[in-house]
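Q: For reference, the structure I am asking about is given below.
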There are 2 protein chains.
Amino acid sequence: MEIFDRARKIALINSAGSILSWDQETYLPSGSTEYRAEQISYLASHAHELSISSDFFNLLSESESKDDGSDSIRSANLRELRRESDRSVKIPTDLVARESTAQSAGHHAWIAARKSSDFSVFAPHLADLLAFAQKKADLWGFKKEPYDALLEGFERGTSTQTIASLFEILREKLAPLSAQAIENTKQLNPELPPGPYPITAQQSFNALIAAEIGFDFHAGRIDTTTHPFCTSLGPRDIRLTTRYDESDFTSSLFGVMHEAGHGMYEQGLPESDFGLPSGSAVSLGIHESQSRLWENQVGRSPDFWEKFYPIAQEHFSQLKGYPIEKFLQFIHRAEFSPIRVEADEATYDLHIILRFQIERLLLNKEISVADVPSIWNELFEKSFGFIPKDDAHGCLQDIHWSMGGIGYFPTYTLGNINAAQLFKAATSVPEIAKATAAADYSSLLTWLRKNIHEHGGTLDPPVLIEKATGHPPSTEDYLAHLSGRYF
Amino acid sequence: MEIFDRARKIALINSAGSILSWDQETYLPSGSTEYRAEQISYLASHAHELSISSDFFNLLSESESKDDGSDSIRSANLRELRRESDRSVKIPTDLVARESTAQSAGHHAWIAARKSSDFSVFAPHLADLLAFAQKKADLWGFKKEPYDALLEGFERGTSTQTIASLFEILREKLAPLSAQAIENTKQLNPELPPGPYPITAQQSFNALIAAEIGFDFHAGRIDTTTHPFCTSLGPRDIRLTTRYDESDFTSSLFGVMHEAGHGMYEQGLPESDFGLPSGSAVSLGIHESQSRLWENQVGRSPDFWEKFYPIAQEHFSQLKGYPIEKFLQFIHRAEFSPIRVEADEATYDLHIILRFQIERLLLNKEISVADVPSIWNELFEKSFGFIPKDDAHGCLQDIHWSMGGIGYFPTYTLGNINAAQLFKAATSVPEIAKATAAADYSSLLTWLRKNIHEHGGTLDPPVLIEKATGHPPSTEDYLAHLSGRYF
């Protein structure tokens, strides 16, 4: 068996595990969570065992020694498999199994804790999951701080220090920008006509828009969950989820556009390379650039609504006679919300910067898990000027920590930055600018397919961005976009 | 690792595969069937490999040698694991993988073939699947004919000859009984008030009835598929499916009661023994006795409708003012239908006997796959007096062959026979008779739990029936039930 066949087999097992996880979030009966955790954990360890077996490393070395560099994709695949497996082999199989079990338990504890806004229900699980993260960072090794080792798994080729510096600049610019945007919103006091916006109408409008921007429903679907996500269950099986707010249809709509952005990236990866680096998403920061591009650069643009507002009016009777200008003011409103996923473009990154700080403090053991609620509220008040009413609206709001996703949040802001830079570059092509202005997105998607999706994981994220846009990642286009949006 | 832990691990992998199959039937995007087949096939071979490994047999022998017979459940588990694994080991892993792939392909071809009523689309797949069945029968070995070897996998401890003799008697009695029942129906000409019976109302009524008879929705759910089924995805995760006919709500209702009967059996198996013979259903004939008991003995009884007809009237406005007597005549109507799953109690077994004959002819190579449509129509006409209008209503109507389920159909009629015998025995307990007459089924379910479910697979089906009812399996109660129903 060749190393690439082996990698495909491991991907097949992992994708089977993803099906079980997807079902856990969507349709699993309440009494079956424990056994499901065992099933998921078994598949995770089984795949991990294969990926760290001596057999795997022998196959890899053999292919490496035969590689003459004449096929750059093949060489990139070998290089990335080597990078991944040198990381994987450092983590013992039993640690993977125990972490997977802890994640399932943590996830269910988090649901209960958030429901009752009781951090103490989640705290021991977070402590467990943090210990796993620290243990893994130690095993992987790092130059400066444990965060580096975790970050590398989500966004290769960057450092905690680089992120921290970048976030420092961004926070400085965002502080006045967000304050001014909020002030402007207060003056306009924009509103959406009152609901209910029936869920069935939301579903049909969301599906129409997702298909319109290019999500392929023959290779994917949309279901309902508490926390929206996108997951790949196979090369042509990409599943999005959303949740519905009957008082505001834009909540599920932008959620679907966001997840469809992730989904179209997955659908655009080279199908025949599924399971190989060249058929896989390169990083979370690039993944998030796709979701934020479709959600914000496209979905919140006046051009988009010029075409689709009349269709929204057909779906939701409340909008009939309601002027598009007022609707745009509503979707462009800025306010300090305690909830990240409800945050607007002007304030979103402040949430990310806050979490990045807390995660870093935890990993550097400058604070303990028990301190999280108070530190959260303290830092939150500094940025937002108020304290969330409870932990459900504070440190318990997000799913990520409950699933062991520590070292992950900065990629959201990297995504915003990359999205703006990519959209700017794509629309500097006159035909794309013209089509996009008319809310026809096929040429934009084609550009993204060619410049991002089709490369899979063969290029490092900064290289990919520079190749696509002509210059290295920078906050310039993003800040210009925000200024344009709000002023 | 102990042999029982190993058996549980294999069950865990198989149940993960069942999740993938369930999803394939319910929610899989149309473009992803090929990769899903690979995923399912991998898990099937992986489980099979473990179950035929020398390691498995060593563990089994070790436990057998230590067994002193002091724990009868333990001894039964060892005996049944031995029986199963001696069968499994005869089938090479690559045959299992190739058969699983052929089943997926066959399943999709069958869907297309049935849609266009074109047997030629399915024929090469059926030939493949038949060859797999023949190959397996040869590998397992048999005394008289290949059918014996296949039957043993579905209904241990019986023989093709026993079934054939039983079916001969049944057919003789059913011929006049069904003809007379149909004649009576013609005179009454019963009807259901015209639809539409909205799907959402059907769903809520079905869920109410399923819960009322004892299906636990914390450990299960109901979804929609073309061909209804029940599958176990874990000890507390039992999934039913149904399909809806807007012109007749009883179609999905009786379907749900049928599948819930299967489901309550699975939910009643000893939970802590999941994956062991003592925590598994013993045979398809016993499984079907549970589904047919709830569908027919309970669901079509006048006592049941005495209580639930008023509730049906609340769900379906058409029924308001429609007399219960006429409704009962409708659900007790008898007619020769080309479709098995729509057949009534008077004619159902004639369908099964027909299929049993054809499967036996195929396996004994007395006919070829190409002959199936003509033989089907010929035998059908003999029993039913007419020829189905096309193959979609004839030999293509059922899913089973497309999934390799050959040697399986007789268990449906065994289920009918067992259901009548069990219901008769349970209701000979005065308190159960009284509760059941008042449509309170908790004591009936308790009796079934104690006498059938809790035994899992520790007793051979005929022994289980004799223990529960006081006499060996016989057609007596079933024929008495049918006479009572129709005359």
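Read the figures in this text as sums done on the coordinates, not as results from a lab. Bear in mind the structure is a predicted one, so any value in this text is a computation, not a measurement. All Cβ positions, even for glycine, are placed from backbone atoms using ideal geometry, and neighbour counts span all protein chains on display.
Q: Would you tally the net charge around A:R360, using a Cβ to Cβ cut-off of less than 9 Å, leaving A:R360 out, and scoring K and R as +1, D and E as -1? Mind showing how you got there, number by number?
A: Values: positive: none; negative: A:E145, A:E359, A:E366.
Overall, the nearby charge balance is -3.
Q: For labels at B:E381 and A:T224 in the simple 7 Å Cα→Cβ model, what's the distance in nm?
A: About 5.3 nm separates the two model spin labels.
Q: Turning to a different aspect of this structure: Residue by residue through the range B:8-18, what is 3J(HN,Hα) from phi via Karplus (6.51 cos²θ - 1.76 cosθ + 1.60, θ = phi - 60°)? Round to whole Hz and write x for glycine and proline.
A: Calculated HN-Hα couplings, in order: 5, 5, 5, 5, 5, 5, 5, 5, 4, x, 5 Hz.
Q: To the nearest whole number, what is the average tally of beta carbon atoms from other chains within 10 Å of the beta carbons of peptide B:29-42? All intermediate terms of the calculation are to be shown ahead of the outcome.
A: Values: counts 12, 5, 12, 10, 3, 3, 9, 7, 0, 6, 8, 1, 1, 4.
Partner-chain Cβ atoms within 10 Å, mean over residues of B:29-42: 6.
Q: About its Cα centre, what dipole magnitude does the range B:224-280 give when the only charges are +1 on Lys and Arg Cβ and -1 on Asp and Glu Cβ, stated in debye to the nearest 20? Present the calculation step by step, with values, prior to reporting the outcome.
A: Values: 3 positive and 8 negative charges, 20 e Å.
For the range B:224-280, the charge dipole is close to 100 debye.
Q: Residue by residue through A:207-219, how many Cβ atoms from other chains fall within 10 Å of the Cβ on average? Write out the running numbers ahead of the final one.
A: On the way: counts 0, 0, 0, 0, 0, 0, 0, 0, 0, 2, 3, 4, 4.
Mean inter-chain Cβ contacts per residue within 10 Å come to 1.
Q: Sticking with this structure for a sec: Considering only the label points, 7 Å along Cα→Cβ from Cα, what distances in nm to one decimal separate B:S272 from the same position in each other copy, shortest first?
A: So the distances to the same position in the other copies read 5.5 nm.
Q: May I pose another question? For chain B, take the longest principal axis of its alpha carbons; what is the angle in degrees between that and the long axis of helix B:372-384, to the nearest 10 within 0 to 90?
A: Orientation of helix B:372-384: about 40 degrees from the principal axis.
Q: Moving to a separate point now. Label-point separation (nm) for B:A164 and B:S61, each offset 7 Å from Cα along Cα-to-Cβ?
A: Result: 3.9 nm between the two label points.
Q: A follow-up question, please. Got a sec? Which residues in the range A:375-402 would a label at A:S368 touch, if it sits 7 Å along Cα→Cβ and we count backbone N under 11 Å?
A: Of the residues in the range A:375-402, none has backbone N under 11 Å from the label point off A:S368.
Q: Counting Lys and Arg as +1 and Asp and Glu as -1, what is the net charge of the other residues whose Cβ lies under 14 Å from the Cβ of A:A420? Don't skip to the end; give the middle numbers.
A: On the way: positive: A:K173, A:R292, A:R300, A:K424, A:R485; negative: A:E288, A:E295, A:E345, A:D349, A:E476, A:D477.
Every neighbour counted, the sum reads -1.
Q: Additional query: For A:E306 and A:S53, calculate 0.36 nm times their separation in residues minus their Cα-Cα distance, and state this gained length in nm to one decimal.
A: On the way: separation 253, 0.36 × 253 = 91.08 nm, distance 5.61 nm.
In short, 85.5 nm is gained.
Q: Follow-up. Could you work out the relative contact order of chain A, using alpha carbon pairs under 8 angstrom and six or more residues apart, expressed as a whole percent?
A: On the way: 674 pairs, mean separation 96.1, N = 487.
Relative contact order, chain A: 20 percent.
Q: I need the calculated FRET efficiency for the pair B:Q329 and B:D68, taking r as the beta carbon distance and R₀ as 60 Å, to the nearest 0.05. It would help to have the intermediate numbers written out before the result.
A: On the way: r = 60 Å, r/R0 = 1.01.
After rounding to 0.05, the efficiency reads 0.50.
Q: Taking chain A as the reference, fit the longest principal axis to its C-alpha atoms, fit the long axis of helix A:54-66 to the helix C-alpha atoms, and give the angle between the two in degrees, 0 to 90, nearest 10.
A: Tilt of helix A:54-66: around 90 degrees.
Q: Please name whichever of B:S301, B:G407, B:T225 sits farthest to the positive end of the charge dipole of chain B, dipole taken about the Cα centre and charges placed at Cβ: Lys and Arg +1, Asp and Glu -1.
A: Positive-most Cα among the choices belongs to B:S301.
Q: Now for a different question. Within 10 Å of each Cβ in A:49-55, how many Cβ atoms from other chains are there, averaged over the peptide?
A: Mean shielding by partner chains, rounded to a whole number: 0.
Q: Then there is this: Please report, in cubic angstrom per residue, the volume enclosed by the convex hull of the alpha-carbon atoms of the protein assembly as shown. Can you show the working numbers first?
A: Working: hull volume 188.1 nm³, N = 974.
Cα-based convex hull of the protein assembly as shown, divided per residue, equals 193 Å³.
Q: How far, in nm to one decimal, is A:K144 from itself in the other copies if the label point is set 7 angstrom along Cα toward Cβ? Shortest first, please.
A: 8.2
Q: Calculated from DSSP H runs of 4 or more alone, at -39500 (n - 2.57) each and per residue, what is the 222 nm mean residue ellipticity of chain B, nearest 500?
A: Computed mean residue ellipticity for chain B: -20500 deg cm²/dmol.
Q: So, one more: Applying 1/(1 + (r/R0)^6) with R0 = 41 Å to the Cβ-Cβ distance of A:K135 and A:H471, what FRET efficiency is obtained, to the nearest 0.05?
A: Working: r = 39 Å, r/R0 = 0.95.
That gives a FRET efficiency of 0.55.
Q: Under 5 Å between amide H atoms, partner at least 5 residues away or on a different chain: which partners does B:E335 have, H built in plane at 1.01 Å?
A: B:D344
Q: What are the ³J(HN,Hα) values, in whole Hz, obtained from phi via the Karplus relation 6.51 cos²θ - 1.76 cosθ + 1.60 with θ = phi - 60°, for each residue of the range A:253-260 in sequence order, with x given for Gly and Pro?
A: 4, 5, x, 5, 5, 4, 5, 5
Q: With a point put 7 Å past each Cα toward its Cβ, work out how far B:T446 is from A:E34 in nm, to one decimal.
A: My value for the distance between the label points is 2.5 nm.
Q: Please give the length that would be gained between B:Q187 and B:R79 if that part of the chain were fully extended, namely 0.36 nm times their separation in residues minus their C-alpha to C-alpha distance (nm, one decimal). Mind dumping the intermediate values first?
A: Details: separation 108, 0.36 × 108 = 38.88 nm, distance 5.51 nm.
Taking 0.36 nm per residue and subtracting the Cα distance, the gain is 33.4 nm.
Q: Right, another one. With a Cα-only, solvent-free Debye model of the range A:3-89, what are the log10 I(q)/I(0) values at q = 0.25, 0.26 Å⁻¹?
A: With no solvent term, the Cα-only Debye profile gives -1.17, -1.23.
Q: Here's something else I'd like to know. Could you work out the local net charge near B:W401, counting Lys and Arg as +1, Asp and Glu as -1, over the other residues with Cβ closer than 15 Å to its Cβ? Mind showing how you got there, number by number?
A: Values: positive: B:R114, B:K136, B:R340, B:R355, B:R360; negative: B:E99, B:D128, B:E359, B:D371, B:D391, B:D398.
Surrounding charge for B:W401 is -1.
Q: Between A:E2 and B:E2, what FRET efficiency follows from the Cβ-Cβ distance if R0 is 35 Å, with the result rounded to 0.05? Each step should come with its number before you reach the end.
A: On the way: r = 37 Å, r/R0 = 1.05.
Calculated transfer efficiency: 0.40.
Q: Under the convention of a label 7 Å out along Cα→Cβ, give the distances in nm from B:D371 to the same position in every other copy, shortest first.
A: For B:D371, the inter-copy label distances come out at 8.4 nm.
Q: Suppose we keep just the alpha-carbon trace of chain B; what are its Rg and Dmax in angstrom?
A: According to the Cα coordinates of chain B, Rg and Dmax are 22.2, 69 Å.
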